[in-house]
Amino acid sequence: APPECPFCGEAAGRELEEHVRARHGHLLGAPGAENGEQLYECPMCSLTCTNIEILEEHVDLHLEEHNFSEGGNIRDLELAQQLQTEEDERQRSEEEKREREEFKKLQRQYGLDNSGGFKQQFLKNMEREVDRGRMQPFEYHKRKADMMESLASGIDDGKTKTSGVIEALCKYYQNENKDVRRVWLSAGVDHFHSSLGDRGWGCGYRNFQMLLSSLLQNSFYNDCLRDTTLIPSIPKIQSMIEDAWREGFDPHGASHFNNRLHGSKAWIGACEIYSLLTSLRIKCQIIDFHKPTGPMGTHPRLFEWILHYYSTDNEGGAKVVCTSKPPIYLQHQGHSRTIVGIEEKKNKSLCLLLFDPGCSSQQMQKLLKQNNDGSGLKLLRKFVGSLKEKQYQIVAIDGVLSLEEKAARCHASQVLTSEKIP
């Protein structure tokens, strides 16, 4: 409440002194008064009074006003602190909400949201095709039965496979006379593309099928693949990776997936491919090209490494070199492909040949036809300027492991760090 006048009790606010002088000046003395009265000066505002009691009341009003002001400052500070605390809590709550939403988004993106796996997606996409009139009901039931049989056996149904592309490429390059000086091709490999059941997330599994298709054609790997004589289905590959984790391979990576892949749409990458191959006693290594090594964000060192891989022990003078080397798994953020060869142009530039799981069987089968202009090779060719992701990883196969070597690699994978190319 505003201070009151000690003479009339009227609320005078901060104009108390002016009010007292104007309304009650006769009760106050003046400095140097000549009537001989005792003068009392206020120690806070220098107002003079002729009555000590009036001065005391006047000073009390000063003190009350001061205390009120101090109390107001304290309340203002407390209020400001409370508002800041509430704002901090609101921002923290919003940040936690954003983090939860981002985490759920990542879970959905990488297939870890418990929304089902290959089987559920396959059926849902087929139902959508029927609803849109692009699939007849009888075809739906037939494909469903085939899919269930494939899941029960653990063997891929082969409906996305294209064979013979490497052989067709070999014939094409024999007659190509334009700009290819030399070309190195991997051992025979089948192409597999994504289906209704794994579209959008199955590239890693499809690339493993490509690698395995090549290894199964090479008697050198018969011993370590005696239990895997046919191409496994994607759910079976998921179970095989889980088996590798149970053996002790890559516990850090396993924990990322909560030790479970089967029944999910989880993406896999180079580490899962390495663990699976090594658990089968297939000798391989991860090479990490962790930053660009050329202008405009390019990776010429990656191309040089691939050339060295294919050309080592294959330095003859032939233009077309059909090597016994297995294909190479290539990973970057969001996608993976399989390297099946490399071209060296007459101007010494290099060009990779890639099998992409995103290419359909219809597209790949065009490569089986003799086409002298090589237009179909656009599907496969990737020049240095075409690969400009920030980071690439490859998994390269290089022989068979003994049981002791497998055990040692299992132990080492528990603290796995990939080799980095500067």
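Does segment 246-274 hold any residues that are under 23 Å from SER115 (Cα atoms) and assigned to a helix (DSSP H, G or I), and which are they?
Matches in segment 246-274: GLY253, ALA254, SER255, HIS256, GLU272.
Note on segment 325-349: residues that are under 29 Å from LYS159 (Cβ atoms), open to solvent by 20 Å² or more (accessible area, probe 1.4 Å) and in contact with a helix residue (DSSP H, G or I) (Cβ under 8 Å, 6 or more places away or on another chain) amount to 4.
Test each condition in (1) at pLDDT below 95; (2) touching a strand residue (DSSP E or B) at 6+ places or on another chain (Cβ under 8 Å) for GLY204 and report the one that comes out false. The single condition GLY204 does not satisfy is (1). You will find that of GLN209, GLN121, the residue that is open to solvent by less than 80 Å² (accessible area, probe 1.4 Å), at pLDDT 95 or above and either in a strand (DSSP E or B) or out of contact with any Ser or Thr (no Cβ under 8 Å at 6 or more places or on another chain) (or both) is GLN209 and no other. Taken over segment 212-245, the criterion of being of a type in the set (Ser, Thr, Tyr) and not in a helix (DSSP H, G or I) is satisfied by THR228, THR229, SER233. For segment 282-315, enumerate the residues that are of a type in the set (Gly, Ala, Ser) and either under 22 Å from VAL400 (Cα atoms) or touching a Cys at 6+ places or on another chain (Cβ under 6 Å) (or both). SER311, the sole residue that qualifies.
Specify which of the listed residues (ILE231, ILE237, ILE286, ILE241) is buried (at least 19 other Cβ atoms within 10 Å of the Cβ) and over 24 Å from GLN414 (Cβ atoms).
When all the criteria are applied, what remains is ILE231.
Only one of the numbered conditions (1) at pLDDT below 95; (2) surrounded by 15 or more Cβ atoms within 10 Å (Cβ to Cβ); (3) part of a strand (DSSP E or B) is violated by ASP398, and that is (2). Checking VAL384, VAL395, VAL340, VAL320 one by one, the residue that is more than 26 Å from LYS171 (Cα to Cα) and β-branched (Val, Ile, Thr) is VAL395 and no other.
Restricting attention to segment 350-375 and to residues that are part of a helix (DSSP H, G or I) and surrounded by fewer than 18 Cβ atoms within 10 Å (Cβ to Cβ), the residue that is modelled with the lowest pLDDT turns out to be SER375.
Conditions (1) under 31 Å from the mean Cα position of the chain (by Cα); (2) among the aliphatic types (A, V, I, L, M), marked per residue:
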{"site": "LEU123", "(1), (2)": "yes, yes"}
{"site": "LYS171", "(1), (2)": "no, no"}
{"site": "ARG182", "(1), (2)": "no, no"}
{"site": "SER214", "(1), (2)": "yes, no"}
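When segment 169-206 is filtered for residues that are assigned to a helix (DSSP H, G or I) and in contact with an Asp or Glu (Cβ under 9 Å, 6 or more places away or on another chain), the ones remaining, listed by number, are TYR173, CYS203, GLY204, TYR205, ARG206.
The values are calculated or read from the model by the stated rules, or taken from the named source; none is laboratory data. Everything numeric here is computed off the predicted structure, so don't read it as measured data. With ideal geometry, Cβ positions are generated from the backbone for all residues, glycine too; neighbour counts draw on all protein chains shown. Quick note on the areas: whole protein, heavy atoms, side chains included, nothing else; ligands and nucleic acids left out. Shrake-Rupley method; radii C 1.70, N 1.55, O 1.52, S 1.80 Å.
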